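Have a look at the structure below before the remarks.
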Amino acid sequence: FVVQFGISSYPAVSAAWLDANIKDDPVTQSNQRGYVTYAKTTQPNSRSTQIFISFRDNSSLDSQGFAPFGVVDAEGMKVVEMFYDQYGDQPTNEQDQITKLGKAYLDKKYPKLDVIKHVTVVGAAASAAPAKPAAGKVAAPAPTKPR
């Protein structure tokens, strides 16, 4: 139902961000197809480096405090839909190992997993105090071919 990413391939980078949580934003728009949202735990103010893109209507996440902050346009979603999806939720259950061991672990256990190497954020910058946050557009990166 989503594609989630944001754990660094480098354990030292993951460790540096481990306790650098971001305060929750109010949910002002719904988690719809293409919307980009911070992943978090059930604890308040637990957002960090992981984000996800919704593949479908995930409005059930709205009441749980998942606040979208951007949207992938239709062309970008064509790229997102090309990501390798045959691992399903498997990597989700191994976030501790991925955080501790990084790229070496992913390359060994999930050799076909796509890697995001570059992202371009497009659209006007938000003003200092917007009345209602608007979703920015996130251009999805081209997936890399399996190694």
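The values are calculated or read from the model by the stated rules, or taken from the named source; none is laboratory data. Note that the coordinates shown come from a computational prediction; the quantities given were computed from them, not determined experimentally. As a convention, Cβ positions derive from the backbone with ideal geometry for all residues, glycine included, and neighbour counts pool all protein chains shown. Only protein heavy atoms, including side chains, enter the accessible area calculation; ligands, DNA and RNA are left aside. Shrake-Rupley method; radii C 1.70, N 1.55, O 1.52, S 1.80 Å.
Checking Ser63, Ser59, Ser46, Ser9 one by one, the residue that is among the hydroxyl-bearing types (Ser, Thr, Tyr) and closer than 19 Å to Asp114 by Cα is Ser9 and no other.
Taking the numbered list (1) under 21 Å from Val79 (Cα atoms); (2) open to solvent by 30 Å² or more (accessible area, probe 1.4 Å); (3) within 13 Å of the chain's Cα centre (by Cα) in turn, Arg33 passes all entries but (3). Of the residues that make up region 2-14, is at least one of a type outside the set (A, V, I, L, M) and more than 19 Å from Tyr105 (Cα to Cα)? Checked against the condition, which is being of a type outside the set (A, V, I, L, M) and more than 19 Å from Tyr105 (Cα to Cα), region 2-14 yields no hits at all.
Taking every residue in region 68-93 that is among the small types (Gly, Ala, Ser) and pairing it with any residue that is open to solvent by 40 Å² or more (accessible area, probe 1.4 Å), at least 6 positions away or on another chain, the pairs with Cβ-Cβ distances below 8 Å are Gly70/Tyr35; Gly70/Val121; Gly70/Lys137; Gly76/Lys137. Just so you know, in region 97-109 the residues that are within 26 Å of Glu81 (Cβ to Cβ) and under 18 Å from the mean Cα position of the chain (by Cα) include one that is surrounded by the most Cβ atoms within 10 Å (Cβ to Cβ), and it is Ile98. Against the conditions (1) modelled with pLDDT of 95 or more; (2) loosely packed, with under 13 Cβ neighbours inside 10 Å; (3) touching a strand residue (DSSP E or B) at 6+ places or on another chain (Cβ under 8 Å), Ser60 satisfies every one except (3).
Return the only residue of Ala67, Ala15, Ala39 being touching an Asp or Glu at 6+ places or on another chain (Cβ under 7 Å) and among the small types (Gly, Ala, Ser).
Ala67 is the lone residue from the list that is touching an Asp or Glu at 6+ places or on another chain (Cβ under 7 Å) and among the small types (Gly, Ala, Ser).
Of everything listed in (1) under 27 Å from Ala16 (Cβ atoms); (2) of a type outside the set (Asp, Glu); (3) exposed (fewer than 13 other Cβ atoms within 10 Å of the Cβ); (4) touching a residue at least 24 places away in the same chain (Cβ under 8 Å), the single unmet condition for Lys112 is (1).
Tell me, which residue of region 115-144 that is among the β-branched types (Val, Ile, Thr) and modelled with pLDDT of 50 or more is most open to solvent (accessible area, probe 1.4 Å)?
Initial filter on region 115-144 (among the β-branched types (Val, Ile, Thr)): 115-116, 119-122, 138, 144.
Retained after the next criterion (residues that are modelled with pLDDT of 50 or more): 115-116, 119-122.
On the way: Val115: 45, Ile116: 62, Val119: 69, Thr120: 64, Val121: 111, Val122: 70 Å².
Ranking the candidates gives Val121 first.
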